[in-house]
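The values are calculated or read from the model by the stated rules, or taken from the named source; none is laboratory data. Note that the coordinates shown come from a computational prediction; the quantities given were computed from them, not determined experimentally. Virtual Cβ from ideal backbone geometry, glycine too; neighbours counted across all protein chains shown. Just so you know, the surface numbers come from the protein's heavy atoms only, side chains and all, with ligands and any DNA or RNA stripped out. Shrake-Rupley method; radii C 1.70, N 1.55, O 1.52, S 1.80 Å.
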Amino acid sequence: MKLDQETLAQAVTSARVPPPPHFPFKATSVSLLFFGEQETRLLAILKADREGYPWRNQIALPGGHIEETDPTPMHAALRELREELQIRPENVAYVGSLGHFQTLANRVIEVFVGTWNQKDEIRPEEYEIARVLKIPLKTVLNTHIENRFHKRMPDYDELLYPYDGMVIWGVTAKILHFFLEQLYPLV
């Protein structure tokens, strides 16, 4: 499956994005990045296996907390890409925001969707990241279709996207579900 820039932009700009919550959550931002010449892939990370680390062994999107020095949430997403994976801002073309998603750990995540031109050599920050995942978009879309997730929000324990012996769950699965629902009518 190959996702072109126009279809990606249409999926993001037509989305009815979730607004930020009204209560005080810790603000974070992540990148939902797509890349690939022949087949569109999603860039994700497997969090490190560290004792006491709240996101231990979870599949996530690259990103993190918004710092006071970040002029905007998008700048925070770009900073985090550089810090976590050594992806330079000039090699990312953002399409827009998918809105805000709440976590169980009192965080609110703004998701920025874009493409990466693959001109960087990924070097993960080993303290936080155990592995970089290059997930075929077709894999998660097929799961979405096969599990009949289209036009419904499955319960937390049902909303799972398996990949390579691991499972995408929680807020990352919720973000993927929302994105796939925007993309579904276009592909």
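The simple Förster model, with R0 at 30 Å and r as the Cβ-Cβ distance, assigns ARG16 and ARG56 a FRET efficiency of 0.35. Neighbours of THR139, meaning other residues whose beta-carbon lies under 13 angstrom from its beta-carbon, give a summed charge of 0 when Lys and Arg score +1 and Asp and Glu score -1. For TYR163, the accessible surface of its heavy atoms amounts to roughly 40 Å² (probe 1.4 Å, protein chains only, rounded to the nearest 10). Computed from the C-beta positions of ALA130 and GLU6 and an R0 of 45 Å, the FRET efficiency is 0.80 to the nearest 0.05.
A probe of 1.4 angstrom, applied to the heavy atoms of all protein chains, finds GLU146 with accessible area near 140 square angstrom.
Run through the DSSP bridge list for the chain and note the antiparallel percent, rounded to the nearest 5.
Values: 27 of 36 bridges.
Rounded to the nearest five, the antiparallel share is 75 percent.
Other residues with beta-carbon under 12 Å from the beta-carbon of ALA44 carry, at +1 per Lys or Arg and -1 per Asp or Glu, a net charge of +2. By a 1.4 Å probe calculation restricted to protein chains, THR72 has an accessible surface near 50 Å², given to the nearest 10.
Taking every DSSP helix (H) stretch of at least 4 residues in the chain, weighting each as -39,500 (n - 2.57) and dividing the sum by the residue count yields a mean residue ellipticity at 222 nm of -7500 deg cm²/dmol.
The radius of gyration of the Cα set in the chain, together with its Dmax, comes out at 15.4, 44 angstrom.
Can you sort ARG82, ARG148 by solvent-accessible area, 1.4 Å probe, largest first?
Values: ARG82 105, ARG148 180 Å².
Accessible-area ranking of ARG82, ARG148, largest first: ARG148, ARG82.
Sorted largest first by accessible area at a 1.4 angstrom probe radius, with every protein chain in place, the residues LYS138, LYS119 fall in the order LYS119, LYS138.
Percent of Cα-Cα pairs more than 22 Å apart in region 1-78, please.
On the way: 1286 of 3003 pairs.
Above the 22 Å cut-off, region 1-78 has 43 percent of its Cα pairs.
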